[in-house]
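Each value in this text was obtained by applying a stated rule to the coordinates, not by laboratory testing. Quantities reported herein were computed from a predicted structural model and do not represent experimental measurements. Note that we place each Cβ from the backbone using ideal geometry, even for glycine, and neighbour counts take in every protein chain shown.
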Amino acid sequence: MQRIVHAKTAPALTALIGTAIAVTPWIIDTLYKNFFIAIGISLLCVTWAWANFLKRDELKSQGLWEQQKKVMLGALICLSAGLSLLLFYEAQMPKYSIALTNQYLYTVPPQLSTSELRALGAECNTYGDTLCSHAVFAKIVKQDPRDYFSLANLAMAQSHIGFHEYAIKNFETVLKSGLATYDIYKFYGHSLLATKNKKRAIKAYQFSLKKNPNQQQLRQKVKSLSGGQAL
């Protein structure tokens, strides 16, 4: 009797665990969202196959077992292929080289989650605390180099502080990702100009002005750098 109870309750328990794992990324902040979702869906599929297997006698009596077996086999093959592709994709994704300086003049609380770090970084930006922004966003991109929004904020902080070589490398990574706002181009231009790349700086400023034409000071700066030529 106990064995029968286990046979009936085990699939339900597996389904519950699979659902919990699948929704985990929406409950807690994690860098492994894809893995949690994939594992959760895998457990749900296994539960479905398991439940059908336990009902095989009933399905056989209805003449549906052979058909159901094929469906289950196809689903498990597709699931295995999907998981393999996910693992391959994650393994092949480049781990971008983030340009970081060893100079940190602000200590970030160690217990903060990624979402809390982003909130702190936004607060640092609001109050103009560049050293805080630099330290916070540096910590975020160390955890996830593909967080381009945080990388852009780190680059702007580096440009503010004067770490222009680091900022330029990070700006270029951000722009290649497709994230391109007027302030990213503007600070990219500042760092290029500071490193005596005048032509590239003017081009970056022009991109910034295209995205936000209401930057009168920047417009005057570009005009001055261009020898007084109108934009």
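Quick look at the values:
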item	result
Eligible lysines near residue 199 by straight Cα distance, threshold 28 Å, same-chain separation 8 or greater	169, 176, 186, 210, 211, 221, 223
Residue-by-residue Karplus 3J(HN,Hα) for the range 148-155, coefficients 6.51, -1.76, 1.60, Hz, glycine and proline x	5, 4, 5, 5, 5, 5, 4, 4
222, 108 arranged by Cβ crowding within 10 Å, fewest neighbours leading	108, 222
Sequence of 205, 166 once ranked by neighbouring C-beta atoms within 10 Å, starting from the fewest	166, 205
By average C-beta atoms within 10 angstrom, highest first, the peptides 182-193, 113-124	182-193, 113-124
Least to most buried among 140, 39, 77 (fewest other Cβ within 10 Å first)	77, 39, 140
Eligible lysines near residue 69 by straight Cα distance, threshold 21 Å, same-chain separation 8 or greater	8, 55, 60
The range 178-195 - phi-based ³J(HN,Hα) in whole Hz, Karplus 6.51/-1.76/1.60, Gly and Pro as x	x, 7, 9, 10, 5, 6, 4, 5, 5, 6, 4, x, 4, 5, 5, 5, 5, 9
